[in-house]
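FYI, it's all coordinate maths here, none of it is from the lab. These figures come from a predicted structure and were not determined experimentally. Here Cβ is always computed from backbone atoms with ideal geometry, including for glycine, and neighbour counts include all displayed protein chains.
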Amino acid sequence: IYQLWDSLDPFDSIIPREEEFQEMLDGTALICIRQKEKICAVIRVKEENKKTISTWLGVVDKDMRGLGLGKKMHELAFLVGRERGCQSILQWSDVKNTRVVNTVTSLGFSPDGTESVEYILTDTSN
């Protein structure tokens, strides 16, 4: 997972420290897609409050891009949110990460108008 997250460096992503990462592994904060023994995609899901989850640190292995894994990963994250009773989903991404922005825009998210390195797309259709 860290190898995948390292590929996010051009976007100045804040990679969790070891203790926080272990908490994610122990809980239900990570969604991973595997092919055999290899993790091909990962996304972090965080419960912001009882009605909202956020997704971030989503990445697909460079050799597996273009196969729809990013979209599938987001759809799984949305399913987790719905199962937890959430009514809105926030997606954080760097504006320069056009792959993520294009994927979540195709899923119905819209920009909130924030001009910053962090980019939030909101979906309140639930």
*To the nearest 0.05, what FRET efficiency results for residue 72 and residue 3 with a Förster distance of 22 Å applied to their C-beta separation?*
0.65
*By how many nm would the segment from residue 36 to residue 83 lengthen if fully extended, with 0.36 nm per residue of separation less the alpha-carbon distance?*
14.2 nm
